[in-house]
Amino acid sequence: MDPDLSDLTEQIALDPTQFIGIPLALVGAVFLSLGAQFQHRGVTKVEAHTADALGKGLNVGQLWLLLSRPSWVIGTVMLGLAIVFQLASLSFAPIIVVQPLGAIALVITSILNSRVNKVKLNSKSITAIFMCVGGVFLFVGVAAFTAVDKPVTDRQLITILTLLAVVLVAAALAFWFFRSRIRATFYVIMAGLLYGFVATLAKVVIGRVQQGEFEWLTFTCVIGLLAATALGAYFVQNAYASGPPDLVIAGLTVVDPIVAVLIGIVVLGEASQAALWANITFAIAGAIAVWGVFLLARNHPQTRL
């Protein structure tokens, strides 16, 4: 093949097969929404029958009691299905295309939570939700036609693992020293930050297994993925205990993809072919979505201040 044509082919964003990742991600978002609603119900029931742990984190006894709540177990199964669909979508398309699509779960969760708890969302909360979803979908709309899927090098992977180690230590220390003053927003942001690394490492592991490269570095990825998942899941349960499910989903579906996207852009070079206007749009869309999360945290009628 002519060298110039070969270079041009490598710069094409997504082929038709990679677009399969988009509907898979949307199905995963539905399961994420339903799972969050059920888990939130289980956590609030356990908290209502035990000592108040708000600001101190759920204790071991409360975590054990969650296993006896059918609603929490059903929610966990649904979140498991959400992960399966998310991983499937990542096996087809770049992180910066499919990861942000989880924002659709915010709309579904907000409607479900409003109906189940008979809590009417105020105008500021609705505006915040539109900011979250609108910002994310603007991002995806640009990314779908500018992103490129590239293999991850060992050096890039070591960089990601080093960043994750720093985040894990910082999250653990912050929780240990400031847990008496922690509220839902902290848990949501930290969980989203950790899950952003989970999504990235999951895509890396999938790619390496497909290529038959299961060696020590891949094994280290699996360990880091499990550690981030465990701590992130603990933060999510605490977020449910101190905030409404749609606030939790807002944080996860905005912070999570933004972290994964930043890694995809800065470390993996998935936006290396994007024009200047596209990068500016990425920054504006991300800022709108993040600001929406903070507005929702401040104005949601169920938020505990």
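Listed values, structure above:
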item: Estimated inter-spin distance, residue 111 and residue 20, nm [label 7 Å along Cα→Cβ]; result: 2.8 nm
item: Gain upon complete extension [residue 84, residue 209; 0.36 nm per residue less C-alpha separation]; result: 43.4 nm
item: Square roots of five times the Cα gyration tensor eigenvalues for the range 153-305, Å; result: 28, 21, 12
item: Inter-probe distance in nm under a simple model that places probes 7 Å from Cα toward Cβ, at residue 163 and residue 262; result: 0.8 nm
item: From phi via Karplus (6.51, -1.76, 1.60), per-residue ³J(HN,Hα) for the range 102-112 in Hz, x at Gly/Pro; result: x, 4, 4, 5, 5, 5, 4, 5, 4, 5, 4
item: Spatial separation of Cα centroids for the range 224-260 and the range 184-209, in angstrom; result: 9 Å
item: Theoretical FRET efficiency, 1/(1+(r/R0)^6), r = Cβ-Cβ of residue 155 and residue 178, R0 22 Å, to 0.05; result: 0.05
item: Gain in span if fully extended, residue 277 to residue 291, counting 0.36 nm per residue against the direct Cα distance; result: 2.9 nm
item: Cα gyration tensor category, rounded, prolate or oblate, for the range 90-174 with a/c compared to 1.5; result: oblate
item: 234, 187, ranked by accessible area, largest first (probe 1.4 Å); result: 234, 187
item: Cα-based shape type of the range 71-129, given that a ≥ b ≥ c are square roots of the gyration tensor eigenvalues and the cut on a/c is 1.5; result: oblate
item: Cβ crowding within 10 Å averaged over residues, with 203-212, 31-40, 78-87, 275-284 ranked highest first; result: 31-40, 78-87, 203-212, 275-284
item: Inter-label distance for residue 227 and residue 27, nm, one decimal - labels placed 7 Å from Cα along Cα-to-Cβ; result: 3.4 nm
item: In order through the range 33-42: 3J(HN,Hα) via Karplus (6.51 cos²θ - 1.76 cosθ + 1.60), integer Hz, x for Gly, Pro; result: 5, 5, x, 5, 5, 5, 5, 4, 4, x
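The values are calculated or read from the model by the stated rules, or taken from the named source; none is laboratory data. Only a predicted model underlies this, so the values are computations on that prediction, with no experimental measurement involved. Ideal geometry is used to build each Cβ from the backbone, glycine not excepted, and the neighbour counts take in all protein chains shown. Just so you know, the surface numbers come from the protein's heavy atoms only, side chains and all, with ligands and any DNA or RNA stripped out. Shrake-Rupley method; radii C 1.70, N 1.55, O 1.52, S 1.80 Å.
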